[in-house]
1. Could you check the stretch 15-49 and list, in sequence order, the residues that are within 21 Å of Leu59 (Cβ to Cβ) and aliphatic (A, V, I, L, M)?
2. Could you please find all residues in the stretch 184-208 being in contact with a Ser or Thr (Cβ under 8 Å, 6 or more places away or on another chain) and closer than 25 Å to Leu147 by Cβ?
3. Tally up the residues in the stretch 123-144 that are surrounded by fewer than 11 Cβ atoms within 10 Å (Cβ to Cβ) and closer than 18 Å to Val190 by Cα, please.
4. Select the helices (runs of 4 or more DSSP H) contained entirely in the stretch 115-219, then report the ones holding at least 2 residues which are farther than 30 Å from Val99 by Cβ and basic (Lys, Arg).
5. Please determine, by comparing only the residues of the stretch 161-187 that are at pLDDT below 90 and crowded, with 16+ Cβ neighbours inside 10 Å, which one is nearest to Ala133 (Cα to Cα).
6. For the stretch 145-160, what are the residues that are surrounded by 13 or more Cβ atoms within 10 Å (Cβ to Cβ) and polar (S, T, N, Q)?
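The values are calculated or read from the model by the stated rules, or taken from the named source; none is laboratory data. Bear in mind the structure is a predicted one, so any value in this text is a computation, not a measurement. Cβ placement follows ideal geometry from the backbone for every residue including glycine, while neighbour counts extend to all protein chains displayed.
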Amino acid sequence: MDKNELDKRIADLQAERERLTGELDKARTEARDAMIAGQKPGGTAAALAERLSIVDDALAELQDRTRSAADSAERNNRKRRAESALEATSKRSKLAAAVDEALNALASSWDAYADALRKDVGQVSGAGGDLTAVERALTNNRAAEPLVKALIQSGGVKLARTFGIDTPIRERHAISLADAENRVAESLRVELLRVKAESPQPNVSREAQAELEKMETAR
């Protein structure tokens, strides 16, 4: 039986029990009166009592089945919830592994980048390069600003705050590290053009000057 069938049968038996109880009370009264009158009481009361006992047994069994069905349903619900949560956790674990991998790659790449920048800063500066976009990556006393800007460029201020970085830098000021290095490279290209513009060769000087003017107009 399913739950609906069990509930219906329990309701039927409860109605039957109520009817039998009324009949048994009446039969017992009649049997008592018969004995008072010196007559042999009939067997109706005993039969009804037996019938009522059987109904009670049946009700108890059905109620046990109902409780068992409810317990089984609850276990099934718990099982489904646990399985669903486990599946969701498994998916998150893959994302967590990807985050860990990205953080490990970031740590390794950042150390390599900072070391390379530290070695090259003198050379680039001496060659006339503008290191403004990246030079604050070498600070030891505060957050490396170019990395923070790159972080915000990648995931917004929210991501920076997730890392516990409280910064006045906003998304409109963010820039990726690659773009920051492109700015350094552009400053060196400008320096090369300036050198060529001072060339004693008219053609070289003229072309370089035209390129400088073109770059200035494009800014």
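1. Ala15, Leu20, Leu24, Ala27, Ala45, Ala46, Ala47, Leu48, Ala49
2. Those that are in contact with a Ser or Thr (Cβ under 8 Å, 6 or more places away or on another chain) and closer than 25 Å to Leu147 by Cβ: none in the stretch 184-208.
3. Final tally of qualifying residues: 2.
4. 177-197, 202-218
5. My answer is Ile169.
6. The answer is Gln153, and nothing else.
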